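So the structure is just underneath, and the comments pick up after that.
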Amino acid sequence: MTRVRSIFLSDLHLGARGCQADRLIEFLREYESDHLFLLGDIFDFWAMKRSVFWTSTQNTVVQKVLRRARHGSQVMLIPGNHDESLREHVGVSFGNIRIEAEHVHLAADGRRYLLLHGDEFDQVTRYHRWVAVLGDISYNLLVRLNHYLSRMRRLLRISGYWSLSGYAKRKVKQAVSFVFDFEESVIHSVRNRGLDGVICGHIHCAAIKDASGIAYVNCGDWVDSCTAIVEHLDGSMELIDWSLIHLSATAAVRAASGSVRLAARDQQARAA
């Protein structure tokens with residue numbers, strides 16, 4: 001396992017059809033940390049109100065997180081808008097997992113990061129909940145369609161993962177504008193609080209960027225992009241895109257399998 005100081009995850013959406021729990025398990029098997037921060041929308045209670053989609057792999061994710069908490073990792077959960085009912089338990093620990101509304105994380109290099117989900121900076125979620133719910137239903141419809149597209153791509157032997165919902169968000173100008181406004185609002189708030197940076201989620205758009213001395217870090221999600229943030233032992237932050245790593249590993253396995261088959265054929269030819 002790769003040893004890092006901290007892991008930051010957001011928007012797992014456990015309980016929703018789009019959750020890519022299998023790839024998340026692969027990631028958790030690869031990275032070990034002293035701190036694990038879960039920055040909101042870990043559970044998708046909105047989706048589960050409509051229909052529960054809970055798999056054995058999603059159950060394994062929960063077990064792995066609980067196991068880390070039992071074995072000495074400091075695990076903190078900051079609820080988001082999709083698991084907002086957990087905000088009623090702020091300040092309480094469940095299974096050695098602490099629930100907080102927000103947290104200031106002191107990195108190894110001395111920089112102070114505000115940890116939060118970020119939905120409080122989303123004007124639609126905050127003041128027009130029905131619009132947010134309608135958007136969530138539409139988003140989940142795209143996720144369902146993407147499931148069938150992925151099956152078709154596998155049947156056609158097209159490699160790689162492609163997200164229909166992610167593609168739609170990137171192509172809609174209003175979505176691009178929303179992301180920009182969200183980032184500006186979060187950065188402005190952090191600057192006013194005298195902190196060095198922010199690590200958040202909510203918008204499913206992973207990023208690490210510098211905004212005039214303020215570090216803006218977004219974990220992304222495990223529905224469209226399969227991304228996470230890790231803090232290395234020296235305090236530096238890195239964005240891990242597990243979908244690309246998964247694709248590279250799959251290609252390497254296929255190449256190795258092909259080499260083995262070729263070697264077997266050569267050996268059979270020599271024997272003949």
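Where a number appears in this text, it was derived from the coordinates with a stated rule and is not lab data. These figures come from a predicted structure and were not determined experimentally. A quick note on method: Cβ atoms are made from the backbone with ideal geometry, for glycine too, and the neighbour counts reach across all protein chains shown.
What separates the Cα centres of the stretch 212-242 and the stretch 40-89 is a distance of 19 Å. In this simple spin-label approximation, residue 103 and residue 1 carry label points 7 Å from Cα along the Cα→Cβ vector, and these lie 1.7 nm apart. In terms of surrounding Cβ atoms within a 10 Å radius of their Cβ, 19, 200 rank from fewest to most as 19, 200. Going by neighbour counts of Cβ atoms within 10 Å, the residues 203, 229, 25 line up, fewest first, as 25, 203, 229.
The order of 240, 42, 214, going from fewest to most other C-beta atoms within 10 Å of their C-beta, is 214, 240, 42.
For a Förster distance of 30 Å, can you work out the FRET efficiency between the beta-carbons of residue 89 and residue 210, rounded to the nearest 0.05?
E between residue 89 and residue 210, to the nearest 0.05, is 0.30.
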